[in-house]
Structure formats: structure tokens, C-alpha cells
1. Determine the calculated [θ] at 222 nm for the chain from helices alone, applying -39500 (n - 2.57) to every DSSP H run no shorter than 4 residues and normalising by the residue count; nearest 500 deg cm²/dmol.
2. Work out from phi, with θ = phi - 60° and the Karplus expression 6.51 cos²θ - 1.76 cosθ + 1.60, the ³J(HN,Hα) of each residue of region 18-24, listed in order in whole Hz, and give x for Gly and Pro.
3. Taking LYS55 as the anchor, which aspartates and glutamates have their alpha carbon closer than 20 Å to its alpha carbon, excluding any fewer than eight residues away along the same chain?
4. Do you know the relative contact order of the chain, to the nearest whole percent, from alpha carbon pairs under 8 angstrom that are 6+ apart?
5. Given a Förster distance of 25 angstrom, what is the FRET efficiency for GLU40 paired with ASP2, based on the Cβ-Cβ distance and rounded to 0.05?
6. Report which label in (1) 5.0; (2) 4.7; (3) 3.6 holds the value of mean projected area of the Cα convex hull in nm² derived from the coordinates of this structure.
Amino acid sequence: MDAIEAGEDVTVDFDRGKIVTKKGEFAFPPYPDFVRGLIEDGGLIPHVKKSLGLK
């Protein structure tokens, strides 16, 4: 992607589906709620354990 330089810091907003660089903003489809839940819980196994009330 020409809008991002090697070593550049970028901000990725997964809730809004936005990547912000010093050259601009780029949109992408936000993740569905269930995918964000998997990511927030640390992956599939931790998510299932949490859902089942296991530790």
C-alpha cells in the first residue's frame, strides 16, 4: 500500500473499520460482534471457556 511507509505508525480502529495514517484514512468493513468477541477473549479456546464458565 503506497499510503503507508515502512516503519510508520498507524492507527487501526476495528470498531469503526478505519485505518489512519499520516497520509489519510482508509475504510474497511468492521468485524462482526462475534469476531470482536473472539479477539477480545484471546482466541477461540478462551472464548469457549468463558462462554461455558470455565477458567
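1. Details: 2 runs with 18 residues, N = 55.
Helix contribution divided over all residues of the chain: -9000 deg cm²/dmol.
2. 9, 10, 10, 10, 5, 9, x
3. Within the straight-line limit of under 20 Å, LYS55 reaches these aspartates and glutamates: GLU40, ASP41.
4. On the way: 42 pairs, mean separation 10.9, N = 55.
Relative contact order here is 20 percent.
5. Plugging the Cβ-Cβ distance into 1/(1 + (r/R0)^6) gives 0.20.
6. (1)
Any read-out appearing in this document is the output of simple, stated calculations on the displayed coordinates, not a laboratory observation. Only a predicted model underlies this, so the values are computations on that prediction, with no experimental measurement involved. Note that we place each Cβ from the backbone using ideal geometry, even for glycine, and neighbour counts take in every protein chain shown.
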